[in-house]
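What follows is one structure encoded as structure tokens, with my remarks underneath.
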2 protein chains.
Amino acid sequence: MSAITIGEAARRTGVSAKMIRWYEATGLLPPATRSEAGYRHYDDSDLHTLRFVRRARDLGFSVEAIADLLALWRDRARPSAGVKAIAEQQIADLRRRITELEGMARTLEHLAESCCGDERPECPILDDLATEDHAPAPRRSTRGLSDRGRGRGMV
Amino acid sequence: MSAITIGEAARRTGVSAKMIRWYEATGLLPPATRSEAGYRHYDDSDLHTLRFVRRARDLGFSVEAIADLLALWRDRARPSAGVKAIAEQQIADLRRRITELEGMARTLEHLAESCCGDERPECPILDDLATEDHAPAPRRSTRGLSDRGRGRGMV
DNA sequence: GATGGGGGTTCCCATCATGGGAAGGTCAAG
DNA sequence: CTTGACCTTCCCATGATGGGAACCCCCATC
């Protein structure tokens, strides 16, 4: 009953059709059932899963982590400890990234404060950037979770 | 004088040789002078520029923004207002991203707190993810600046 | 003078999650 | 039967970065 197409599923769950296909292709989701013509069909249970994925993405979980969460969700006998561990890893990732961004923001705020920002050329911001003695800043190779949709272009 | 190779320039500035080449290829940096054999050579002025770029990256500026900053840096008569505007845009981007991450972290912290995390299957975290009525969360198309090196794999 | 090792050079590929778009098949309404 | 909305697959782009192959160059040592 109530077998809907991918476009309708996208509308109802907030996951784009493109992403639904991609999640299927990469194994996050099992292959959808198909109509005779090859159209994917989704039922209420599929929609539920899609909303689960969507919610997890909104909380910043990587697709890899979501795969783990889905497996735990499906296993009704799982210990909650596993889920909590994933969530805490995610919290740690988020906190680490926040700290990093916070450091950048604070430095820039200090610099911007001391720059009068008028037509004169004196500029403490450029002076800082051009200063030789900044800490070698250990090239951060410590990775975190995914951070969707970076790029330029503002609201 | 003191014309050094790309590897040495990388060591001295903290910008990898790969990235130096890439910055040149994409136009952020002008083409380096070459030896007869085709090796890139860098002088003190180039190193200074590379450190400028490095510092700006550490402050989270996108390569696009750095191109603007470099142009302003080279123009000794520029008004500081332009620089300040770029910095403030960057601060706004950073703050927006921090707010977004902070929201995710707080939600997860609440959920994790209420999850006992033992061998029992009851799990408020999964319950939340599986809940139907989460706000449609306007698919964020509001982009920010670059956030380097995402991926999995922790410290 | 040959050899070896540590550089350089270019080029391609992968990341991560996402969108854009082309080319072609399907379906329901007019 | 046409039209238009929708589906299918496939390729490409994003941003900044690393990995690696295949090849060239330079210097020092045997």
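The values are calculated or read from the model by the stated rules, or taken from the named source; none is laboratory data. Bear in mind the structure is a predicted one, so any value in this text is a computation, not a measurement. No Cβ is skipped: glycine too gets one built from the backbone with ideal geometry, and neighbour counts run over all protein chains shown.
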Some residue of region B:33-45 being of a type in the set (A, V, I, L, M, F, W, C), modelled with pLDDT of 95 or more and either more than 30 Å from A:R55 (Cα to Cα) or out of contact with any Cys (no Cβ under 6 Å at 6 or more places or on another chain) (or both): no
Criterion: touching a strand residue (DSSP E or B) at 6+ places or on another chain (Cβ under 7 Å) and outside the structural domain of A:S45 (by TED's automatic domain parsing) - qualifying residue of A:D68, A:D93: A:D93
Evaluation of A:A67 against (1) within 11 Å of another protein chain (Cβ to nearest Cβ); (2) assigned to a helix (DSSP H, G or I); (3) closer than 30 Å to B:D118 by Cα; (4) within 12 Å of DNA strand C (Cβ to nearest atom) (one fails), failing number: (1)
B:R76, sole failed condition from (1) facing another protein chain (nearest Cβ under 7 Å); (2) modelled with pLDDT of 95 or more; (3) surrounded by fewer than 19 Cβ atoms within 10 Å (Cβ to Cβ): (2)
Condition check for B:G117: of a type in the set (G, A, S) and either outside any loop (DSSP other than H, G, I, E, B) or at pLDDT 95 or above (or both): no
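Would you please name the residue that is farthest from the other protein chains (Cβ to nearest Cβ), looking only at residues in region A:36-48 that are within 16 Å of DNA strand D (Cβ to nearest atom) and small (G, A, S)? Spell out how you get there, then give the answer.
Within region A:36-48, the first condition is being within 16 Å of DNA strand D (Cβ to nearest atom), and the residues that meet it are A:36-43, A:46-47.
From the residues that got through so far, the ones that are small (G, A, S) too are A:37-38.
Details: A:A37: 29, A:G38: 27 Å.
Here the answer is A:A37.
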Candidate set: region B:9-30, residues that are near DNA strand C (Cβ under 9 Å from one of its atoms) and surrounded by fewer than 14 Cβ atoms within 10 Å (Cβ to Cβ); chosen: the one farthest from the other protein chains (Cβ to nearest Cβ): B:A25
Of all residues in region A:49-64 being within 23 Å of B:E113 (Cβ to Cβ) and at the interface with chain B (Cβ under 7 Å from one of its Cβ atoms), the one that is farthest from DNA strand D (Cβ to nearest atom): A:R55
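Counting just the residues of region B:14-35 that are in a helix (DSSP H, G or I) and near DNA strand D (Cβ under 8 Å from one of its atoms), which one comes out farthest from B:V63 (Cα to Cα)?
First pass over region B:14-35, keeping only residues in a helix (DSSP H, G or I): B:17-25.
Imposing the further condition that a residue be near DNA strand D (Cβ under 8 Å from one of its atoms) reduces the set to B:18-19, B:22-23.
Details: B:K18: 15, B:M19: 11, B:W22: 11, B:Y23: 8 Å.
Taking the candidates together, the pick is B:K18.
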Scan of region B:33-62 for residues that are within 13 Å of DNA strand C (Cβ to nearest atom) and crowded, with 20+ Cβ neighbours inside 10 Å, ordered by number: B:R40, B:Y42, B:D46
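Every residue, every condition in (1) closer than 20 Å to A:T131 by Cα; (2) without any contact (Cβ under 8 Å) to a residue 60 or more places away in the chain, yes or no:
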site	(1), (2)
B:S35	no, yes
B:D43	yes, yes
B:L47	yes, yes
B:G60	yes, no
B:A92	no, yes
